[in-house]
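Presented below is the structure to which this report refers.
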Ligand code: CP
Ligand code: NVA
């Protein structure tokens, strides 16, 4: 049966740990050609630097060929129904990596394709990002017995991190303004898996007090541009800056999936400091995605 990766919930704990071990190996030595002779379509409805380049590089390094389809090419559900795109692509390629506006479209794509579909970011989750982030945490800390504090919008990145944190046994705090939490179903699932290790707070200073890792992401995600003005106002007290870090333990590292809106959710000073591990996170995108192909293509 084909294996999709739409959510971090699509991998179990032992698969995730194996994926991390393999990612670290792939970081030191080139992998096997597990995608030899395979074309993989990359559907992007939104812009990307890291996700596009790391997926193209991962596929090439594993012997496959990426076929990039830009927002103009497909126009999911507009130029053509999602199921027709899925059924056509399944005739020619061995997999689909998709960055979409609507998670429902992604689910339909997966349902209607006979080839594996990987979530390269949707409005609901960014699971590939969360894998690279927890690999980075593991590289810094050596285990998952950590407290990750996400300060800002309960968005796609926060949702995947909250779920993965619960699976791995870490503690997770989301610090956000009222009305900007992760979807309730995600919070409930995370609590089911992580019991009292997951919580939502309002006060950033209280939130970062016991943090080992402090994470932030943009206040306005791709597709939410119309809300930008309101969001700039609501999230202002949630900026990760030098003052906020003075309330966190000295060892706490700062994380961001990037792209960053410097001067909004994070200051230059913090992002460029040696407390930030953002480039390690970006680098690990490549190796976790290579390892994900091994997991999906059964090697
Ligand atoms: N972090 C991340 O997904 O970056 P891109 O939007 O540039 O792919
Ligand atoms: N939350 C951001 C993440 C970008 C990688 C967005 O969806 O735009």
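Taking 19 Å as the cut-off, the amide N atoms of segment 125-147 that come nearer than this to a point 7 Å along the Cα-to-beta-carbon line of residue 201 belong to 145-147. When the inverse distances between all different Cα atoms of segment 134-242 are averaged and flipped, the Kirkwood radius reads 14.1 angstrom. Once Rg and the Kirkwood radius are both taken over the C-alpha atoms of segment 178-231, their ratio Rg/Rh works out to 1.01. For segment 181-299, what log10 I(q)/I(0) values come out of the Debye formula at q = 0.15, 0.19 1/Å, with one point per alpha carbon and no solvent? At q = 0.15, 0.19 Å⁻¹ the computed log10 ratios are -0.87, -1.22.
Placing a pseudo-label 7 Å from each Cα along the Cα-to-Cβ vector at residue 18 and residue 184 gives an inter-label distance of 3.7 nm.
Using a Förster distance of 30 angstrom, determine the FRET efficiency expected from the C-beta separation of residue 114 and residue 72, and round it to 0.05. Result of the calculation: an efficiency of 0.70. Approximating the spin labels as points 7 Å out from Cα along Cα→Cβ, the residue 28-to-residue 79 distance works out to 4.5 nm.
Its convex hull of Cα atoms gives segment 1-53 a direction-averaged projected area, equal to a quarter of the hull surface, of 5.5 nm². Remark: spin-label model distance residue 92-residue 209 equals 5.8 nm, labels positioned 7 Å along the Cα→Cβ axis. Each part reduced to its alpha carbon centroid, segment 228-299 and segment 1-18 end up 24 Å apart. Pairs of Cα atoms nearer than 8 Å and 6+ residues apart set the relative contact order; for segment 192-291 it is 30 percent. Solvent-free Debye calculation, one equal scatterer per alpha-carbon of segment 1-131: log10 I(q)/I(0) at 0.15, 0.22 Å⁻¹ equals -0.71, -1.51.
Could you check how many percent of all C-alpha pairs in the chain are farther apart than 26 Å?
Considering the chain, 42 percent of its Cα-Cα pairs are separated by more than 26 Å.
For the pair residue 3 and residue 192 in one chain, pulling the backbone fully straight at 0.36 nm per residue adds 65.6 nm over the alpha carbon distance. Label zone of residue 275 (point 7 Å out along Cα→Cβ, amide N under 16 Å): in segment 121-149 this covers 147-149.
With contacts taken as Cα pairs under 8 Å at a separation of at least 6 residues, the chain carries a relative contact order of 20 percent.
How many percent of Cα pairs in segment 224-276 exceed 12 Å?
The calculated P(r) of segment 224-276 puts 67 percent of pairs beyond 12 Å.
No value in this document is a laboratory result; all are computed from the given coordinates. Keep in mind that this is a model prediction, so the values were computed, not measured. Every residue, glycine among them, receives a Cβ derived from its backbone with ideal geometry; neighbour counts consider all protein chains shown.
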